[in-house]
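Trainee: Once you've had a glance at the structure underneath, I'll fire off some questions.
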Amino acid sequence: MNLPIELFIMLAAPLLIAAFLLRGDARRFAAFFLLGLGACLFAAYINSFLSLAAGMDIQEATIKLTPIIEEVLKALPVFFYLAVYAPKRGAILAVSVAVGLGFATLENAYYIMNIADQSLLYAVIRGFSAGAIHTVCAAILGYGLTQIYRRQFLTFPISFALLCAASTLHAMYNLFVTSGGVWAATGYLLPIAAAGIMLPFLRRISVDEGLRERETPRID
């Protein structure tokens, strides 16, 4: 995927302005959404370079190479956030999902502009499958980090395991979709099913944060 930097600039410029104008959670979300766009841009060039260097064709690289590179690049802003700040659990999940959304947005914009089949059906399938897989994989990382980020002795091994899980799910999606037929339909439904399974766990984080805030005594 030779992603043009002009497309990145057109999407990133309004978000950069918004990041300066907004405050609090809204600014954080805009900033990490912007970082997700940047991760997608870098991934496009790294994928192209490494697949060419390894002599892989597009299908082989899509299954074996790109899931690992893309999930690692999406994880880097989240790891940086954890290293610099001491965020709440909900904030970790929010920034991780924001990065995934930014990545999916730029990738989908590229494909809808460069694929001959620009029908409404293609846009729906692309949005709810390829777009969702990046967000779901980012949510897997974010949710896992909310469980262990204050246990420093577990941070490295669990982070590695989370990246492996996200990369595996991403690779499964790519494998199914490129196989065609009923396997492609299975691949399109995979991120939606994964999102449905994760939803109760993600909602639990919000509930826990709300309970903690109510339990914390106010000092007037």
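Trainee: Residue pairs, Cβ under 8 Å, 6 or more apart or interchain, first in region 120-149 and over 11 Å from LEU162 (Cβ atoms) and in a helix (DSSP H, G or I), second of a type in the set (D, E, K, R) and modelled with pLDDT of 90 or more. List them.
Mentor: If the second residue must be of a type in the set (D, E, K, R) and modelled with pLDDT of 90 or more, the pairs left are ALA130/GLU107; GLY131/GLU107; HIS134/GLU70; HIS134/LYS74; HIS134/GLU107.
Trainee: Consider GLY196 against the criteria (1) within 21 Å of LEU93 (Cα to Cα); (2) touching a helix residue (DSSP H, G or I) at 6+ places or on another chain (Cβ under 9 Å): it satisfies all of them except one. Which criterion is unmet?
Mentor: If we test GLY196 against (1) within 21 Å of LEU93 (Cα to Cα); (2) touching a helix residue (DSSP H, G or I) at 6+ places or on another chain (Cβ under 9 Å), just (2) comes out false.
Trainee: For region 53-79: of the residues being assigned to a helix (DSSP H, G or I), touching a helix residue (DSSP H, G or I) at 6+ places or on another chain (Cβ under 9 Å) and free of Cβ contacts under 8 Å to residues at least 12 places away in the same chain, which is farthest from LEU169 (Cα to Cα)?
Mentor: If we filter region 53-79 for residues that are assigned to a helix (DSSP H, G or I), which is where we start, we get 53-54, 58-64, 66-79.
Restricting the remaining residues to those that are touching a helix residue (DSSP H, G or I) at 6+ places or on another chain (Cβ under 9 Å) gives 54, 58-64, 66-79.
From the residues that got through so far, the ones that are free of Cβ contacts under 8 Å to residues at least 12 places away in the same chain too are 54, 58, 60.
Numbers: ALA54: 23, ILE58: 19, GLU60: 16 Å.
Going through the qualifying residues, I end up with ALA54.
Trainee: Failed condition for ALA109, given (1) in contact with a His (Cβ under 6 Å, 6 or more places away or on another chain); (2) at pLDDT below 90; (3) of a type in the set (A, V, I, L, M), with all others met?
Mentor: ALA109 satisfies all of (1) in contact with a His (Cβ under 6 Å, 6 or more places away or on another chain); (2) at pLDDT below 90; (3) of a type in the set (A, V, I, L, M) except (1).
Trainee: Confirm whether ALA26 is part of a helix (DSSP H, G or I) and free of Cβ contacts under 8 Å to residues at least 40 places away in the same chain.
Mentor: Details: part of a helix (DSSP H, G or I): yes; free of Cβ contacts under 8 Å to residues at least 40 places away in the same chain: yes.
Yes; evaluated as a whole, the condition is true for this residue.
Trainee: Test LEU7 against the criterion of being more than 22 Å from ILE115 (Cα to Cα), in a helix (DSSP H, G or I), aliphatic (A, V, I, L, M) and touching a residue at least 60 places away in the same chain (Cβ under 8 Å), and give yes or no. If you could, list the steps in order and put the result at the bottom.
Mentor: Values: more than 22 Å from ILE115 (Cα to Cα): no; in a helix (DSSP H, G or I): yes; aliphatic (A, V, I, L, M): yes; touching a residue at least 60 places away in the same chain (Cβ under 8 Å): yes.
No, not satisfied.
Trainee: Moving on to the next point. So which pairs qualify, if the first residue must be in region 31-46 and charged (D, E, K, R), the second must be surrounded by 23 or more Cβ atoms within 10 Å (Cβ to Cβ), the Cβ gap must be under 9 Å, and the two must be at least 6 apart or on different chains?
Mentor: none
The values are calculated or read from the model by the stated rules, or taken from the named source; none is laboratory data. Predicted model, so just to flag it, every value in this text is computed and none were measured. For neighbour counting, all protein chains shown are included, and Cβ atoms are generated from backbone atoms with ideal geometry for every residue, glycine included.
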